[in-house]
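A short write-up of the structure that comes next.
The values are calculated or read from the model by the stated rules, or taken from the named source; none is laboratory data. Keep in mind that what you see is a predicted model, and the values were worked out from it rather than measured. Note: ideal-geometry Cβ built from the backbone for every residue, glycine included; neighbour counts use all protein chains shown. These area figures cover heavy atoms from the full protein model, side chains too; ligands, DNA and RNA do not enter into them. Shrake-Rupley method; radii C 1.70, N 1.55, O 1.52, S 1.80 Å.
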Amino acid sequence: MKRLRVISCLVVVVVGVLLFGTAYAAKVTIRLASAFDPKHILCQAGERFKELVEQYSNGEIEVQTFFGGVMGSEEEIVEAVSVGALEMNTGGGNIIQIFAPQYYFFDSPFVMKDWNHFLRVWNGPLGEKAREEILKNGNTMILGVVYRGVRHFTSNKPIRTPEDLKGIKLRLPQLPTWIKVWQALGAHTVPVPLTELFTALQTGVADASEGDPPQILSFHLYEVQKYLSLTGHLVQTGYLSINKTFFDKLSKEHQEAVLRAGKEATEWAAQQIVEREQEIIKELENKGMEIVVPDVEAFRTKAKPVVEELFKTQWTVTTWEEVLSY
C-alpha cells in the first residue's frame, strides 16, 4: 500500500513537471518597438495590443514594449522587424516607403481627402496590393492601421499662404516625396529623424515642422513652436506590423490571438483620435499655441502639379484620378 502511494506521488510529480514544461515551452515573447513617444497614440495602440493579446492567449504570449526610440529610428525598427531582430513595430508610413514605394501615395501630402476616403482606398484593391508588396519585400504583415489625425504646420510665425513658406527651414522626415512636395511649395527642407524633432526646433536647426496633433502634443512642440496652422495637408496613419516568419511559427491559437488583438487595438486607437482630434488641438491652444486658419485651397492648388508628377513618375501603379474616385 505504501509502495502504491509512493508511485502515485511520483506520477503526480512527473505529470506536474511535464505540464509545467509544456506551459513553459508554449510561452512566447514578442518585442514591440516604436520610435514614437510612449504617450503617442501609436504607442497607446501598442499597449492596447499587449493587454489584449496577453488576455486572449491566457498569458502564453508576453509582450515587451520598447517605445521612445530606444530601439533606434523608425527606419531602423522597420528593418529590424523585417529581418527578425524584432518581432513587431507600431510606427508610421515608413514601412510603405521602404517596402512598397510605388504605393507611398497612401502616406504623402495632399493625396487623400479624409480618413474615410483613406479607408475606402486602403481596404480596396490598391491597399491589398500594397500589403502584398510589404509582405513580399519586407517579410512583414500589417495587423491594422491607426488614424492619427490630419497633419498641420507648426512654426514661430503664422503660415497662412504658400508664400509664407518662402525661406523657412522645415523639419521633415527623410522621405523624398515629402521633401519634393514641400520644396515645390517654397520651403527649405531639413531632413531630421523623428527622435531628434524637438531638439532640431529648439536649437534652430529647423524653424518649423508639420505633423499630426498627437505627434505635436506628445513631443511637446508647443514648448518650442508658437503657431499651429491648420493646413490639413495629409491624412496621417500608422501601422501595427509583425515579422511574417515569426508569425508563421506561432501555433494556430496564438496566431488567432495576435490577429484579433491587432485588429481590435488599431480600431480602438483610430477611434480615440476620431473622437479626440479637435480636443487635442484645443489642448495645444491651451498650452500656448496660437491657432491659424490658412488658405488651405491655395496650398492644394500649388501642390497639385508636383503630386500629379509623382503619380506619373513614382506611383505608377495607379493614377491620382483613380485614387480620388474611391
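Between a residue in the range 183-195 that is in contact (Cβ under 8 Å) with a residue 40 or more places away in the chain and over 18 Å from Pro162 (Cβ atoms) and any residue that is among the charged types (D, E, K, R) and crowded, with 17+ Cβ neighbours inside 10 Å, which pairs come within a Cβ distance under 7 Å, given they are 6 or more apart or on different chains?
Matching pairs, first to second residue: Leu194/Glu74.
Answer with yes or no whether Gln44 is touching a residue at least 24 places away in the same chain (Cβ under 8 Å), crowded, with 19+ Cβ neighbours inside 10 Å and out of contact with any strand residue (DSSP E or B) (no Cβ under 8 Å at 6 or more places or on another chain).
Numbers: touching a residue at least 24 places away in the same chain (Cβ under 8 Å): yes; crowded, with 19+ Cβ neighbours inside 10 Å: yes; out of contact with any strand residue (DSSP E or B) (no Cβ under 8 Å at 6 or more places or on another chain): yes.
Taking the combined requirement at face value, the residue satisfies it.
Does the range 134-155 hold any residues that are polar (S, T, N, Q), in contact (Cβ under 8 Å) with a residue 60 or more places away in the chain and either in contact with a Phe, Trp or Tyr (Cβ under 7 Å, 6 or more places away or on another chain) or crowded, with 24+ Cβ neighbours inside 10 Å (or both), and which are they?
We begin by selecting, within the range 134-155, every residue polar (S, T, N, Q); these are 137, 139-140, 154-155.
Keeping just the survivors that are in contact (Cβ under 8 Å) with a residue 60 or more places away in the chain gives 139-140, 154-155.
Correct list: Thr140, Thr154, Ser155.
Starting from the range 99-119, take each residue that is without any contact (Cβ under 8 Å) to a residue 40 or more places away in the chain and list its partners that are of a type in the set (A, V, I, L, M, F, W, C), counting only C-beta distances under 6 angstrom and pairs at least six apart or across chains.
That search, which allows pairs on different chains as well, returns Ala100/Ala130; Ala100/Ile134.
Hey, can you tell me all the residues within the range 56-65 that are surrounded by fewer than 16 Cβ atoms within 10 Å (Cβ to Cβ) and touching a residue at least 24 places away in the same chain (Cβ under 8 Å)?
Filtering the range 56-65 for residues surrounded by fewer than 16 Cβ atoms within 10 Å (Cβ to Cβ) gives 58-59, 62, 64.
Correct list: Glu62, Gln64.
Just one of the numbered conditions (1) touching a Ser or Thr at 6+ places or on another chain (Cβ under 7 Å); (2) within 22 Å of Ile281 (Cβ to Cβ) is not true of Ile134; which one?
Evaluating Ile134 over (1) touching a Ser or Thr at 6+ places or on another chain (Cβ under 7 Å); (2) within 22 Å of Ile281 (Cβ to Cβ) leaves (2) as the failure.
Name the residue that is farthest from Glu277 (Cα to Cα), counting only residues in the range 217-244 that are under 21 Å from the mean Cα position of the chain (by Cα) and not in a strand (DSSP E or B).
If we take residues in the range 217-244 being under 21 Å from the mean Cα position of the chain (by Cα) and not in a strand (DSSP E or B), then Lys244 is farthest from Glu277 (Cα to Cα).
Name the single residue, out of those in the range 156-175 being open to solvent by 10 Å² or more (accessible area, probe 1.4 Å) and within 17 Å of the chain's Cα centre (by Cα), that is modelled with the highest pLDDT.
Pro173
Considering only the range 251-326, give the helices (runs of 4 or more DSSP H) lying wholly within it that have at least 3 residues that are within 22 Å of Leu52 (Cα to Cα), open to solvent by less than 60 Å² (accessible area, probe 1.4 Å) and of a type outside the set (Lys, Arg).
Numbers: elements: 252-286, 296-313, 320-324.
Ranges flagged: 252-286.
Does Pro109 satisfy the condition of being open to solvent by 50 Å² or more (accessible area, probe 1.4 Å) and either under 26 Å from Val306 (Cα atoms) or modelled with pLDDT under 95 (or both)? Break it down into steps so the answer makes sense when it comes.
Working: open to solvent by 50 Å² or more (accessible area, probe 1.4 Å): no; either under 26 Å from Val306 (Cα atoms) or modelled with pLDDT under 95 (or both): yes.
Answer is no for this residue.
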